[in-house]
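Notes for the one structure printed next.
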Amino acid sequence: MRELSYAEALREAIREEMLKNPKVIIFGEDIGKYGGAYKVTKGLLEEFGPERVIDTPISEAAIVGFGIGLAIMGFKPIAEIMYMDFIPIAIEQILNHAAKMHFMSGGQLKVPLIIRTQYSLGRAHGSQHSQFFPSWFMNIPGLLVALPSTPYDAKGLLKTAIRLEDPVLFIECCLLYHRLKGPVPEEEYTIPFGKADIKREGKDLTIVAISRMVHEALIAAEKLSEEGINVEVIDPRTLNPFDKETIINSVKKTGRLIIASDDHKRAGVSSEIAAIIAEEAIDYLDAPIIRVCSPDIPIPFSPQLEKKFMRSNEDIIFAAKKILGEI
Amino acid sequence: MSIIKIETLKKEEYDSYGLSKEKLKGMLKKILLIRYFEEKVEELFLVKGLLIGPAHLCFGGEASAVGIISALNEEDIILSNHRGHGHALAKGIPPKNVMAELFGKITGTCKGLSGSMHVCIDINKGALYSSAIVASNIPIAVGVGYALKIMNDNRIVACFFGDGGTNTGAFHEGLNMASILKVPVIFVCENNQYGMSIPISYALAAKSIAERVYYGYGIKTYVVDGMDVLATYKAAKLAIEYTRKEKKPSFIEAIMYRLKGHGVYDKAEYRPKEEAEEWWEKDPVKLFSERMINENIISEKELKEINENIKKEIEEAIDFSLRSDIFPFDELYKLVYSGEY
Ligand SMILES: Cc1ncc(C[n+]2csc(CCOP(=O)(O)OP(=O)(O)O)c2C)c(N)n1
């Protein structure tokens, strides 16, 4: 199968859906001629013109609100917020409007808005340009949240998102855009929301990993397999809806759970996943759940310090040995 | 009251604006320091590969940094943004600390924890804060100004941001509050024509930023050639005088040009080549140096010496940075809160 980068896979998803559906409109800061800060939308302005590919001013709240307005008029808006760190400027529009309109209007309004954003952890961008806080959005009823970890998932999930009728926060990982390539079929496919993917099968221990950490978990699993430890790696792919069955089934098999995510540990996405499993599958656990997450400090700029801040496959291996009682 | 257009200072006016020969030489030194610092930083990123992360160089912004900050008193406060190398150096933060911050070292202005976009923080020098979130420093400056006002503190605040920032909510909410609360803040919009790839001519609905501010928020507004250091100095002097005396905010729109890309890696292919070439003719560093020589403020020989000293100082700053340690990781926890919990 041909290989695409993560960024190319996303671009292809947008392009195909724009070709298919004239109601798809994309907008955001520098997404036109510049092609987006990370070149995901490169070439789309030339192909689809300025009516459907709109460069906006630096106005995050207006970008999201504008998208909501388009959405309730029957369009399929895709907003790009350049860095996840800037979403808080628009959070009022997301929290009070996009996520609740369908409910508040008694089902009259639909908000098929996609907000694409990315987190830049690992690029020495400092405390205001590297943050990752998916749990904030898991806490909002009415908002769907997707976090693809591979080019295949990126394309399939984005295409699904574009066809859904609810608001979706689509969180990409900057480190993967151009560094990660992977197989993406030429033919049409989509990936349903709420269906976790077992990225590697195993029987000794389950690792649930999010976004970039899926790759660290896979490296850890490979290294552990050399020691005869057989690890299952699960990527939930969407946090809302959340596929707890796949994880519970895995825990039933392995009895052990590690959760790996780039966000802070306290009140993070791992807290919620651990709580779900503790609540619904505690009888299957042979050991306490371990979370491998970022420390609860702002992200330091200094490249060496940022490296220490970031969890890696080594941290996962350490956790695995601990959960297996080897240390 | 109307929008006030500021022309450059004439030589005869130097005295009345407090510009002694020494002061002018000091400003020239600063502007050369900034230029040479930025050239070196560019090299450290692109040629030597010693620096990584984002860095927004201020080629073209030297006259606004030096002109405006030189018009302030030393104790006055500035708030900067992501493009703050020039502001930091103009405010008197030692180049070695600015450089060490870019290297992520403990000897940097923020102990290496914040990097280029926050390099202009040194509270002992009155560089209070740098925000990498566009225009978010504006409402904060209003609060700082209000604090000074109710403390009967005579200092004032200068808040720097770009043209792109004028389209944010923080800008509009901040200026409105500044106006109704009558805070001693000078807002400095460095209109370098671009917010990343987007020209302000496209992004702005108003006729000009100055009109938007003047008619929208009733703030005294000055428009000035931001490539001319003596003009920005004059505008700042007038704005400062007004703000200190009337205890009301003022606004300076410095019309200038971002002579290079948005960030150090950006080749700025989205803009016409001739446009940049035209603006390079107005290079503030070149123009000011030439003018100071023509007006006999400085001799060619002195200028050469200054340049050599600056080069030496920057090389030392790089050495200093390379020799410095990084902050101990475990100690970072102690910086999250000021108390222990
Ligand atoms: C709220 C916010 N949105 C977007 C960005 C990304 N960004 C950083 S600088 C910049 C352009 C800013 O333009 P301007 O305010 O004119 O300042 P300049 O860079 O030209 O000095 C953008 C879009 C950001 N840092 N913060």
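The values are calculated or read from the model by the stated rules, or taken from the named source; none is laboratory data. Model, not experiment: these values are computed from the prediction. Please note: Cβ atoms are built from the backbone with ideal geometry, for glycine as well, and neighbour counts cover all protein chains shown. To get the accessible areas, we keep the full protein, side chains included, count just its heavy atoms, and leave off ligands, DNA and RNA. Shrake-Rupley method; radii C 1.70, N 1.55, O 1.52, S 1.80 Å.
Some notes on this structure:
- Accessible carbon and sulfur surface of the protein assembly as shown relative to its total accessible area, %, 1.4 Å: 53
- Most to least accessible of A:H97, B:H56 (protein chains only, probe 1.4 Å): A:H97, B:H56
- Computed from backbone phi with θ = phi - 60° and the Karplus coefficients 6.51, -1.76 and 1.60, the 3J(HN,Hα) list for the range A:84-90 is 4, 4, 8, 4, x, 5, 9 Hz; x is used for glycine and proline.
- Peptide-level mean, for B:257-269, of C-beta atoms on other protein chains within 10 Å: 1
- Taking all protein chains together and rolling a 1.4 Å probe, A:K203 ends up with roughly 120 Å² accessible.
- Summed buried accessible area for B+A [probe radius 1.4 Å, Å², rounded to 100]: 2700
- Taking a sphere under 13 Å around the Cβ of A:R123 and counting the other residues whose Cβ falls inside, with K and R at +1 and D and E at -1, yields a net charge of 0.
- Counting only Cβ charges, +1 for Lys and Arg and -1 for Asp and Glu, the dipole size of the range A:185-326 around its Cα centre is about 460 debye.
- The mean number of partner chain beta-carbon atoms within 10 angstrom of a residue's beta-carbon across peptide A:126-135 is 4.
- Long-range Cα-Cα pairs in the range B:1-116 (distance over 16 Å), rounded percent: 64
- Ranked by solvent-accessible area (1.4 Å probe, protein heavy atoms only, all chains present), the residues A:R15, A:R266, A:R291 order from largest to smallest as A:R266, A:R15, A:R291.
- Averaging Cα coordinates gives a centre for the range B:7-41 and one for the range B:236-286; these two points are 16 Å apart.
- Per-peptide average of other Cβ atoms within 10 Å, ordering A:118-125, B:80-87 highest first: B:80-87, A:118-125
- Working note: Cα gyration tensor of the range A:60-157, eigenvalues times five, square-rooted, sorted largest first, giving semi-axes of 24, 15, 13 Å.
- B:D319-B:D153 FRET efficiency (beta carbon distance; Förster radius 25 Å; 0.05 resolution): 0.05
- Selection from A:G43, A:N21, A:V53, by position along the positive dipole direction of the range A:9-81 (Cβ): A:N21
- Counts of other chain beta carbons within 10 angstrom of each beta carbon in peptide B:112-119 average 6.
- Cα centre as origin, Lys/Arg/Asp/Glu Cβ charges: the range B:111-265 dipole, Debye: 360
- Extreme residue, positive dipole direction of the range B:11-145, given options B:L33, B:V142, B:Y14 (C-beta unit charges): B:L33
- Classified by the C-alpha gyration tensor, the protein assembly as shown has a prolate form. Its axis ratio a/c, with a ≥ b ≥ c, is 1.5 or above, and a/b is larger than b/c.
- The range B:10-103: relative contact order in percent, alpha carbon pairs under 8 Å with at least 6 residues between: 30
- Note that chain B presents 42 Å² accessible area per residue, ligands and nucleic acids not counted, probe 1.4 Å.
- Segments A:248-257, A:179-188 sorted - mean Cβ within 10 Å per residue, highest first: A:248-257, A:179-188
- Charge dipole (the protein assembly as shown, unit charges on Cβ, about Cα centre) - positive-most of A:T190, B:P95, B:M151: B:M151
- Extent along principal axes [Cα atoms of chain A; Å; largest to smallest]: 60, 44, 41
- The phi-based Karplus calculation (6.51 cos²θ - 1.76 cosθ + 1.60; θ = phi - 60°) puts the 3J(HN,Hα) values of the range A:132-144 at 9, 9, x, 5, 3, 8, 5, 8, 10, x, x, 10, 8 Hz, whole numbers, x for Gly and Pro.
- Charge dipole magnitude, Cβ of K and R +1, D and E -1 - chain A, Cα centre, debye nearest 20: 140
- Average silhouette area of the range B:20-60, convex hull of alpha-carbon atoms, in square nanometres: 3.3
- Solvent-free Debye calculation, one equal scatterer per alpha-carbon of chain B: log10 I(q)/I(0) at 0.06, 0.13 Å⁻¹ equals -0.20, -0.98.
- Counting only protein heavy atoms and a 1.4 Å probe, the range A:1-74 has 40 square angstrom of accessible area per residue.
- When both bridge partners sit in the protein assembly as shown, DSSP labels roughly 15% of those beta bridges antiparallel.
- Neighbourhood net charge (11 Å Cβ-Cβ; Lys/Arg +1, Asp/Glu -1) for B:P184: +4
- The residues neighbouring B:I123, those whose beta-carbon lies less than 15 Å from its own, together hold a net charge of -2 under the Lys/Arg +1, Asp/Glu -1 convention.
- In Hz, Karplus ³J(HN,Hα) per residue of the range B:220-225 (6.51, -1.76, 1.60; θ = phi - 60°; x = Gly, Pro): 4, 10, 10, 10, 8, 6
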